[in-house]
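To start, the structure itself, in structure tokens.
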Amino acid sequence: VSMSLRTGFGLVIPLAALVIYLAFRIPNRLGDFLSMAATLSLFAMPLAGLWASGQSQSTILSGLIPLFDAETYYMDALRLMNGSPFSIFSARRPLFGSLLAVVLTLTGRNLMAALAVLTFLTGLACYYTAREIQRTHGAEIAVFMLMVIFLFYRAHSGISMSENLGVMLGTLGFGLLWRGASAKSLSHLWFGLL
């Protein structure tokens, strides 16, 4: 199931969307808890599938070992943790390398745990944005947007690439812009733009 959520588009994607939709329809705190758990599980499953299968992709070998650009970000995060500067490659996108260094420090230099934390944070950002959309347009539109973001992100889950930070911050920014526009709150709009 987890590999189907990572690479497939058969029956598992509509079923996942249905489960998420049903969780988003439950009211009160129980609904908040279940919809968050369902969203975080949705984002965690492709990562688990990648690690269980050991699948190689263009930027990852055997489900874990970073290659090419992903390797450079990972090595530069390790360099930063050891007090050395970034290479020219990571200096062009220093935010992701810096975040990866912080997460690697918090996880004791465990790359698998760091990638799981990045996936968790991206899932939280997507959950927040989906809840903001649900507040104004209902669960159907919120789950549709959540699934579109998930279908893009699932291929980048578990890879130490800057797309992890881009999806996370982009989705969070969109959610804040949505909240600012619907609540007519300039502070949310400015924070979303930031």
Check ALA70, ALA38 and return the single one that is open to solvent by less than 50 Å² (accessible area, probe 1.4 Å), assigned to a helix (DSSP H, G or I) and over 14 Å from SER160 (Cβ atoms). ALA38
Matching residues in the range 112-131 - criterion: being closer than 17 Å to ALA183 by Cβ and surrounded by fewer than 23 Cβ atoms within 10 Å (Cβ to Cβ): TYR128, ARG131
Quick test of your reading of the structure: TYR127 fulfils all but one of (1) touching a residue at least 60 places away in the same chain (Cβ under 8 Å); (2) under 19 Å from ASP69 (Cα atoms). Name the failing condition by number. (2)
Here are ILE149, ILE133, ILE141: which of them is within 16 Å of ILE20 (Cα to Cα), among the β-branched types (Val, Ile, Thr) and under 10 Å from the mean Cα position of the chain (by Cα)? ILE149
Selection from the range 130-156 of residues small (Gly, Ala, Ser) and free of Cβ contacts under 8 Å to residues at least 60 places away in the same chain yields GLY138
Could you please give the count of residues in the range 73-85 that are assigned to a helix (DSSP H, G or I) and open to solvent by 40 Å² or more (accessible area, probe 1.4 Å)? 5
Could you please find all residues in the range 26-35 being part of a helix (DSSP H, G or I) and surrounded by fewer than 17 Cβ atoms within 10 Å (Cβ to Cβ)? ASN28, ARG29, LEU30, GLY31, ASP32, PHE33
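With the requirement that a residue be touching a residue at least 12 places away in the same chain (Cβ under 8 Å), among the small types (Gly, Ala, Ser) and farther than 16 Å from ASP32 by Cα, what does the range 112-124 give you?
Going residue by residue through the range 112-124, those that are touching a residue at least 12 places away in the same chain (Cβ under 8 Å) are 112, 114-124.
Those still in the list that are among the small types (Gly, Ala, Ser) too: 114, 116, 123.
If the condition is that a residue be touching a residue at least 12 places away in the same chain (Cβ under 8 Å), among the small types (Gly, Ala, Ser) and farther than 16 Å from ASP32 by Cα, then ALA114, ALA116 are the ones that fit.
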Of the residues in the range 86-99, those that are open to solvent by 100 Å² or more (accessible area, probe 1.4 Å) and free of Cβ contacts under 8 Å to residues at least 60 places away in the same chain come to ILE88, ARG92
Cβ-Cβ below 7 Å, separation at least six or inter-chain, first residue in the range 166-194 and charged (D, E, K, R), second in a helix (DSSP H, G or I) and open to solvent by 50 Å² or more (accessible area, probe 1.4 Å): which pairs? ARG179/HIS188
Could you give me the residue pairs with C-beta distances under 7 Å whose first residue belongs to the range 30-52 and is farther than 12 Å from THR119 by Cβ and at pLDDT 95 or above, whose second residue is open to solvent by 50 Å² or more (accessible area, probe 1.4 Å) and in a helix (DSSP H, G or I) wherever it lies, and which are 6+ apart or on separate chains? ALA38/VAL19
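The values are calculated or read from the model by the stated rules, or taken from the named source; none is laboratory data. Computed from a prediction, not measured in an experiment: that's the story for all the values here. Positions of Cβ are generated from backbone atoms using ideal geometry, with glycine treated the same way; all protein chains shown enter the neighbour counts. These accessible areas exclude ligands, DNA and RNA; they are computed on the full protein's heavy atoms, side chains included. Shrake-Rupley method; radii C 1.70, N 1.55, O 1.52, S 1.80 Å.
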